[in-house]
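The values are calculated or read from the model by the stated rules, or taken from the named source; none is laboratory data. For clarity, every value in this text was computed on a predicted model and none was experimentally measured. Please note: Cβ atoms are built from the backbone with ideal geometry, for glycine as well, and neighbour counts cover all protein chains shown.
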Amino acid sequence: MRSMRRKRFWIFSLGTVLVSSLFIYATTGGKKPWRHDTPIHTIVIDAGHGGEDPGARGSYSTEKQVTLAVALKLGKLIEDNMPDVKVVYTRTTDRFDDVHRKAEIANDAHGDLFVSIHCNSTAKIRKVVNYRTVVRKKGKRKVTVREPVYAYFPSEAKGTETYIWATSKNNAKLESLKQHSSSVIVLDDDSTRANMDPTDPTTFIMLNTLRNAYFDQSLRLSGLIEDEFTKTGRLSRGARQRNEKGIWVLSGTAMPSVLVEVGFISNPEEEDFLNSQEGQMATATSIYKAIQRYKEELERFGAPTSNDLPTPTTRSKKHAPVKDKTMLASATPAKRTPAPQSSLRNKMETAAHSKQSDMASTRKPAKPGGAASRTTSRTSVAATVRGKQGKEVLASSRSGKKAPPAAASRDKLRERTHENIANAVAATGSYRIQVMTSPESYTPHAQVFAKLKATIVKETISSGRKKVYKYYCVNYKTFAQANTALRNAKKLGFKDAFIIDRNGSRLEARR
C-alpha cells in the first residue's frame with residue numbers, strides 16, 4: 001500500500017515538472033527567460049591622432065605613439081577575455097584619418113561601443129629665475145633698469161579624464177543616428193522588416209529615446225573608467241561633458257561613446273609612465289576592467305524590449321505623408337529608460353534616412369532643470385559646457401568711433417564675411433595658430449597684428465559680464481605651413497602662440 005502511494009507521488013511530481021517545463025517553453029518561444037542577449041557585440045577602439053598629426057608633444061615622445069600602444073593593448077585584452085566581442089580599430093599603424101573618417105569606420109562596423117584614447121597636455125609655465133640690470137634710453141638720457149629673467153618649466157598638471165558629449169550636442173548625436181543606422185526596423189522577433197516612415201512623429205520619439213539611452217550608457221562607462229584608474233593609484237580629474245572642438249567623434253558616432261585622456265604627456269613623470277610597457281598595460285587594463293563591468297551590468301539588469309517603445313508607422317503606397325511639419329517638433333520624447341542593452345539597437349536598427357533634417361533643430365532645447373540636468377547633477381559629472389559661448393569675428397573698422405548707420409551696416413557685412421571664414425576653417429579642418437588671449441578687443445587691422453600678414457579671426461568667450469578674446473591666424477593647409485608661421489609669430493613677440501590642429505588639439509612648434 002505504501003509503495004503504491006510513493007509511486008503515485010513520484011508520478012504526480014514528475015508530471016507537474018514536465019507540464020511546467022512545456023508551459024515555460026511555449027510562452028518564451030524556447031528561450032530561457034532569465035538570460036539576456038549579449039549586449040555588446042562590437043567595440044571600436046580609436047587611437048587618437050596619427051600620421052602627419054602627432055598630437056600633443058612631450059619632451060621625447062608624441063601623443064600618437066602613446067595612444068596607439070595603449071589602444072592595441074586594450075584590444076588584445078578584449079580579444080583574449082571576451083571571445084564573443086569583435087574589436088575594430090580605427091588605425092593599427094602610424095596613419096592619419098580625420099575625425100569624420102574615424103566616425104565613419106565606427107558606424108560602418110555597427111559598433112556597440114566607441115572608445116577613443118588620447119593624451120592631455122598643458123603649456124609650459126613661465127617663472128622668474130633671476131634679474132638683470134640693463135641700460136635703457138629715456139629721452140636724451142640713459143637710465144638703469146632692473147629686468148626679470150624668465151625660464152620655462154614643464155607643467156605639473158597630471159591625472160586622467162574621461163569625456164562624453166555634452167547635452168548641447170544632442171542634436172548632432174540624433175543626426176548621426178538618423179544617417180548611420182539602417183532604414184529598416186524589427187518591431188519584435190515575429191515581425192518582418194518594414195521600411196520606416198521618416199515623416200512619422202513616432203520615429204522621431206524613438207530616435208530620441210535611443211539617443212538618451214546612449215547618453216546614460218556613456219555617462220555610466222565614463223564613471224567606471226575613472227573609478228578603475230583611481231583603484232590603481234592614478235589621480236582622477238573626473239568624468240566630464242565636453243562640447244569643444246576635436247570631440248566630434250563623440251557626437252558623430254551612432255553608439256555609446258567615450259573619450260579617455262590617459263594622462264598629461266607634458267608632465268615628465270606621466271610621460272615616463274605612459275611610455276613604459278608597465279604603464280601602458282596598466283592603463284589598458286583599467287579601461288578593460290571598466291568595459292567588463294559595464295558589459296556585466298547590461299547583462300545583469302537587462303534592457304527594455306521593443307514592446308516598451310512606440311510602434312512606428314511603416315511606409316506604404318497608400319500612406320499619405322504628414323503635411324503639418326510642426327507636429328514633428330512638438331512631439332514629446334518618450335521617458336528615458338535605465339541602462340538599456342545594445343540589443344535594443346540590434347532589434348530596432350532605427351535611424352530612418354529622414355529628409356526632414358530640421359526635426360531635431362526645431363525641437364525646443366531642454367530647460368536647465370530638465371532630465372539631462374538632473375541626470376548630470378545626480379551623477380556628479382562636471383559639465384564643462386559654456387552655455388552661451390559663441391563665436392564673434394573681428395569687424396574691419398579701423399577706428400574705435402561709433403560708425404554711422406551706413407558704416408555700421410558695412411561692418412555687419414564684414415562680420416558675416418569673417419564669420420564665414422571661421423566656419424570654413426572649422427569645416428575644412430585646416431591648421432590655425434592661437435597667437436594671443438586678451439581682455440582687449442582688437443580689429444583685424446590693429447597695429448598689433450600688422451606684421452603677421454595673416455587672416456585674423458577672433459573668438460569671444462563670455463563669462464557673465466566679462467569677456468575674453470582669443471585671436472587666431474587661420475587657413476594653414478599643412479602642419480609645415482603652420483609651423484613656419486608659428487616660428488614667425490614668436491619672433492614677432494607672440495611668445496605664447498601655439499598651433500591648433502584639425503582635431504582641435506594643441507601642438508607645439510617643431511624645430
Which ones in the stretch 432-483 are among the aliphatic types (A, V, I, L, M) and assigned to a strand (DSSP E or B)?
Ile433, Val435, Met436, Ile456, Val457, Ile461, Val468, Val474
Selection count, the stretch 42-69, where residues are surrounded by fewer than 20 Cβ atoms within 10 Å (Cβ to Cβ) and assigned to a loop (DSSP other than H, G, I, E, B)
5
Any idea which of (1) surrounded by fewer than 21 Cβ atoms within 10 Å (Cβ to Cβ); (2) at pLDDT below 85; (3) part of a loop (DSSP other than H, G, I, E, B) is the one Pro198 doesn't satisfy?
(1)
Looking for something modelled with pLDDT of 90 or more and out of contact with any strand residue (DSSP E or B) (no Cβ under 9 Å at 6 or more places or on another chain) - is there at least one such residue anywhere in the stretch 232-244?
yes
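Quickly run through the stretch 90-131 and pick out the residues that are part of a strand (DSSP E or B) and closer than 19 Å to Thr162 by Cα. Before you say what the answer is, go through the steps one by one.
Here is the first cut: in the stretch 90-131, the ones part of a strand (DSSP E or B) are 113-120, 125-131.
Once the filter is applied, which keeps residues that are part of a strand (DSSP E or B) and closer than 19 Å to Thr162 by Cα, the stretch 90-131 yields Leu113, Phe114, Val115, Ser116, Ile117, His118, Cys119, Asn120.
Within the stretch 27-41, which residues are at pLDDT below 60 and either more than 36 Å from the chain's Cα centre (by Cα) or surrounded by 23 or more Cβ atoms within 10 Å (Cβ to Cβ) (or both)? Steps first, please.
First, pick out the residues of the stretch 27-41 that are at pLDDT below 60: 27-37.
Hits for the stretch 27-41 are Thr27, Thr28, Gly29, Gly30, Lys31, Lys32, Pro33.
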